[in-house]
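Just below is one structure, and these are the notes that go with it.
Any read-out appearing in this document is the output of simple, stated calculations on the displayed coordinates, not a laboratory observation. Everything numeric in this text was worked out from a predicted model, so none of it was measured. Neighbour counts are summed over all protein chains in view; Cβ atoms, including those assigned to glycine, are modelled from backbone coordinates with ideal geometry.
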Amino acid sequence: MIKKDEFKVVVMGGGTGTYVVISGLKRYPLKITAIVTVADSGGSTGRLRDEFGFLPVGDLRQSLAALAEENHQSWIRDLLLYRFSHGEGLQGHNLGNLILTSLQDMVGSTPKALEIAARIFRLEGNIYPVTTQRVDLVVEYADGSFVIGEHHLNPDEVGGKKIRQIRLSPRAKLYEKSRKSIEASDMIVIGPGDLYASILPNLVVSGVKQAFAKTKATIVYIVNLMTRYTQTHNFKASDHVAEVEAYLGRKSDYVIVNSGKIPKTALRLYQKENEFPVVNDLSDNTYKIITDNFASVASDQKQKGDEVRRSLLRHNRDKLAKILMRIVEERQ
């Protein structure tokens, strides 16, 4: 039997999806580790990466902010998420990104910068990059064309095209602390998040398949609420699951899928972008399927100066956390 305060949960992904999972789970007595993609290249993150040559920090900063989600740490969260809306050279930049970039510059290491930031803000939990190598996302399409750089996944360039596969350039090795966390974890939560931009870039890192083959953790995959026109056009839940399984090299133990209706106002806005609710067509009896109404409208609206498109919908963090804790209880 594993005590809750000793129960080790790894959350893999990046961006707002990982933020939602961590901010929900951190309210429970768990040992939380976030393993985060470093393949993002747009917005403030991309500008800082190009100017300083460090790993992109945007998704890592989101995880830091999630660990500061409690009321008494709300100012820490707000600082990490604050975005400049004006100022020459500052407009569009995120303060948390600037802090992490400064720390990287001071100590010369992304993992060390994250460790120091967590100590400064007195946050409990670990945040690790999936790799410490600087990489670019390479996306190959079914028609033989390809793009290099996560920021090229926008409707004007690749909307509606089917992705054949992705890889990282250059090939990257799994960060050692990330490997140990995967192998020693009791539960690993994958997603939600952009399938080809936030989730799979973690799984293509060399050493990830081997680490998952060794772990005894319960694997939970959270399917996205909506399709993404530039990545998962016409994808059903089974398509999402199949892609994750193909890159992961094994099946999940649990798959979580939204069964609730999407609010009409949000639905109309998504339809204008050729994006639709993910249809649950799962019937595989090799994993447990959990359904509920998880959809909620994002409370944090897009800030001025933000150049990156943000999702209008999020998974309800409280419902998601309760479901995940139910799985934890089954391991007790």
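Among the aspartates and glutamates, select those whose C-alpha is under 18 Å from the C-alpha of residue 272, and discard any that sit fewer than 8 residues away in the same chain. Counting by Cα, and skipping residues close in sequence, residue 272 has these aspartates and glutamates nearby: 156, 157.
Partner lysines whose Cα lies under 21 Å from the Cα of residue 173, excluding those fewer than 8 positions away in the same chain, are identified as 112, 209, 214.
Considering the range 92-173, its Cα convex hull presents a mean projected area of 7.5 nm².
Pairwise inverse Cα distances across the chain, averaged and inverted, put the Kirkwood hydrodynamic radius at 19.9 Å. Pairs with C-alpha atoms separated by more than 21 Å, drawn from the list 236/288; 3/251; 177/288, are 3/251; 177/288.
Sorted fewest first by neighbouring Cβ atoms within 10 angstrom, 131, 286 come out as 286, 131. Return, ordered by residue number, the residues of the range 27-55 whose backbone nitrogen is under 16 Å from a label point located 7 Å along Cα→Cβ of residue 169. 39-41, by backbone N distance to the label point.
The share of C-alpha pairs in the range 3-98 whose separation exceeds 24 Å stands at 26 percent.
For the range 106-156, the residue among 155, 110, 138 whose Cα projects farthest onto the positive side of the dipole built from Cβ charges is 110. May I ask you to list the residues of the range 1-27 whose amide nitrogen lies under 18 Å from a point 7 Å from Cα along the Cα→beta-carbon direction of residue 332? In the range 1-27, the label zone of residue 332 (backbone N under 18 Å from the point 7 Å along Cα→Cβ) covers 1-9, 25-27. Descending by average beta-carbon neighbour count within 10 Å, the peptides 54-61, 155-162, 133-140 line up as 54-61, 133-140, 155-162, the highest first. Among 165, 104, 62, which one moves the most in a GNM of the chain with springs linking Cα atoms closer than 10 Å? So, out of 165, 104, 62, the one fluctuating most is 165.
Dipole magnitude for the range 4-331: computed about the Cα centre from +1 point charges on Lys and Arg Cβ and -1 point charges on Asp and Glu Cβ, it is near 560 debye.
Considering only 229, 181, 201, the residue lying farthest towards the positive end of the dipole of the chain is 181, judged by Cα position with unit charges set on Cβ.
Estimated purely from DSSP H runs of n ≥ 4, each contributing -39500 (n - 2.57), the mean residue ellipticity at 222 nm for the chain is -10500 deg cm²/dmol once divided by its residues.
Highest average first, the peptides 114-123, 23-32 ordered by how many other beta carbon atoms sit within 10 Å of their residues are 23-32, 114-123.
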